[in-house]
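Remarks on the structure that follows.
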Amino acid sequence: MLIPNIWTKSSFSGGGQGDACVEVAHRRTHIAVRDSKTPAGVALAFPAGAFVTFVESLKNPGPPEHRMEP
């Protein structure tokens, strides 16, 4: 049985250009990402661990040699 995706958008996406955002859906083994402006469009799927590493890298910008390893 397929479980429908529950899409969420960042709380930082409100106001102004707030509609120009990505939405994510948590699945068992991956994270699905889509453009909030075209919800019926294509979604990208990333392994959960890789997506977490990506999001953490956004919080810790800088050259890779200065980033903390997960």
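Nothing in this text is a laboratory measurement; each read-out follows from the coordinates by a stated rule. Please read these numbers as outputs of a predicted model, since none were measured by experiment.
Some values worked out for this structure:
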{"quantity": "Extension gain (nm, one decimal) between T53 and K9, 0.36 nm per residue minus Cα-Cα", "calculated": "14.0 nm"}
{"quantity": "Cα-based Rg and Dmax for region 23-62, where Dmax is the largest Cα-Cα distance (Å)", "calculated": "11.3, 35"}
